Amino acid sequence: MLIQFLFVLAAIIVGARLGGIGLGVMGGVGLAILTFVFGLQPTAPPIDVMLMIAAVISAASCMQAAGGLDYMVKIAERILRRNPAHITILAPLVTYTFTFLAGTGHVAYSLLPVISEVALETKIRPERPLAIATIASQQGITASPISAATVALLGMLSCFGITLFDILIICIPSTLIGILVGALYSMRVGKELADDPEYIKRVREGLLNDSQQVKLNDVKNVTKARLSVIIFLLTTLSIVIFGSVPQLRPSFDGTALSMPLLIEILMLTAAALILLLTRTNGIEAAKGSVFSAGMQAVIAIFGIAWMGDTFINGNIAELKIGIEGVVTQMPWLFGVALFAMSILLYSQAATIRAIAPLGIALGISPWMLIALFPAVNGYFFIPNYPTIIAAINFDRTGSTRIGKWVLNHSFMMPGLITTAVSLSVGLLLIQLFQ
């Protein structure tokens, strides 16, 4: 089993270094080794999760093509510019909300330059709002009703009677409290901007002139953009309502329509309505950043989750003997495994889909798995995730940085504090709701 695990780990590490769809296709390589070399029988690929993600991404991509995301960014910019002194608190709430509504943390790219410029204009150290806002954009994934990670978790826990409402009632307050505590910490990070040596140096060298400001995309047709946002948000609200009250769903042979099918139907319908009512070209939707990032997530889950399922299913007896006792006595330790694996996978959805089946097989309570869900946000630990690199590049003052020892970077403490508080609050909340 150890040799098999090393091959699985190698496939993950190589795939992460390749980037893009590399993670998914290397999962296929690992699966081939497990099947043809070690003789493990492949499990069924995670088709439902992949199709749900594809449907959500289709709708989000159409909204982006219709100008919906740019419209939302303009609204966010107005909010931040009206309250510049409180940007360290407001910025993470804005990025969290964007992720919550869109289901992907990649929407933060559009907001990071706004946050940086507003902080600079107010003479607030940009590192403070940028770091926590980047962390918040990922925490929102584990609270969003339509994110790939939430959809994957719901798909695995629905057989235990867990509804979408059960996940949201734990994860929304826990992650919100986590980012607020992280934001309070961030307000005191580093020197004041006027005293920062790097900032002073760049001012003297004339590197902070107005010509370098990042310009936001204009919303060409506000009516179309607003309509696309309304359609998308109403669809998201419908999913939450249907997911929370199974009795509202159509029933067939006495069984309510499953959540995977419901999400796929509603999101594909939303995508079609956006294209038809806003007269948006479907080809443009496929060219956007949301579609690209979403399809990479689909391929990642395809390969990595399939490989992980096959490894766990083929070695479940040995795994239970080795760690069942420890996990049973201290189930919160499973959160450490989720956190560590997310550092390697760079994907909350791939992490939950690859590791959560092991927790279920070990008998960990579904409610405990929900409380530990935010642990999959460990991507910040090694500072090479795209949103982290973007935040560093958008900070023209140089205050947001990777430290001399690599791990002492701007995102480490906000990320650790936010994740730890989110997990702690989640563990408390499940005592009330389970």
- Message: Springs between alpha-carbon pairs under 10 angstrom, Gaussian network model over the chain: which of ALA85, ALA371, ALA194 fluctuates most?
- Response: ALA194
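Taking the range 134-259, how much of its Cα-Cα pair set, in percent, is spaced more than 17 angstrom apart? Mind showing how you got there, number by number?
Values: 5801 of 7875 pairs.
The proportion of pairs with Cα distances above 17 Å equals 74 percent.
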- Would you order VAL219, VAL49 from fewest to most other beta-carbon atoms within 10 Å of each residue's own beta-carbon? VAL219, VAL49
- Magnitude of the Cβ-charge dipole (Lys and Arg +1, Asp and Glu -1) of the range 45-433 about the Cα centre, nearest 20 debye, reported as 900 debye
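How fast does the chain diffuse by Stokes-Einstein, in µm²/s, taking the Kirkwood radius from C-alpha pairs at 4 °C and 1.567 mPa s? Write down the numbers at each step before the final one.
Working: Rh = 22.3 Å.
Rounded to a whole number, D works out at 58 µm²/s.
If the viscosity is 1.567 mPa s and the temperature 4 °C, what Stokes-Einstein diffusion coefficient in µm²/s follows for the range 275-434 when Rh is the Kirkwood radius over Cα pairs? List each step's numbers first, then the result.
On the way: Rh = 18.0 Å.
Diffusion coefficient, whole number: 72 µm²/s.
What percent does the relative contact order of the chain come to when contacts are Cα pairs within less than 8 Å and at least six residues apart? Don't jump to the answer; show the numbers that get you there.
Details: 713 pairs, mean separation 123.6, N = 434.
Normalised by residue count, the contact order of the chain is 28 percent.
All other residues with a Cβ under 12 Å from the Cβ of ALA54 taken together, and with Lys, Arg as +1 and Asp, Glu as -1, what is their net charge? Write out the running numbers ahead of the final one.
Numbers: positive: none; negative: ASP48, GLU264.
Every neighbour counted, the sum reads -2.
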- Item | Environment charge at LEU257 (Cβ cut-off 12 Å; Lys +1, Arg +1, Asp -1, Glu -1) | -1
- Helical mean residue ellipticity (222 nm; -39500 (n - 2.57) per DSSP H run of 4+; nearest 500) of the chain: -21500 deg cm²/dmol
- Note on the structure: Per the charge dipole of the chain (beta-carbon charges, Lys/Arg positive, Asp/Glu negative, Cα centre), the residue among ILE312, GLN296, VAL25 reaching farthest to the positive end is GLN296
- Query: In what sequence do GLU117, GLU318 fall when counting other Cβ within 10 Å, fewest first?
  - Reply: GLU318, GLU117
- Query: Cα centroids of the range 241-285 and the range 95-122: how far apart, whole angstrom?
  - Reply: 27 Å
- Message: Net charge around GLU127, counting only other residues with Cβ within less than 15 Å of its Cβ (Lys, Arg = +1; Asp, Glu = -1)?
- Response: +2
- Hey, which aspartates and glutamates would be in cross-link range of LYS191, C-alpha to C-alpha under 14 Å, not counting anything within fewer than 8 residues on its own chain? GLU127
- Query: What aspartates and glutamates could a cross-link reach from LYS123, if we take a straight Cα to Cα line under 13 Å and drop same-chain neighbours fewer than 8 places away?
  - Reply: GLU192, ASP195, ASP196, ASP395
- Query: For THR328, THR236, what's the fewest-to-most ordering of other Cβ within 10 Å of each Cβ?
  - Reply: THR328, THR236
- Nitroxide proxy distance, nm - points 7 Å out along Cα→Cβ at VAL240 and VAL406: 4.1 nm
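Coordinate-derived values only; no laboratory data. Fair warning: this is a prediction, and the values are worked out from it, not measured in the lab. Positions of Cβ are generated from backbone atoms using ideal geometry, with glycine treated the same way; all protein chains shown enter the neighbour counts.
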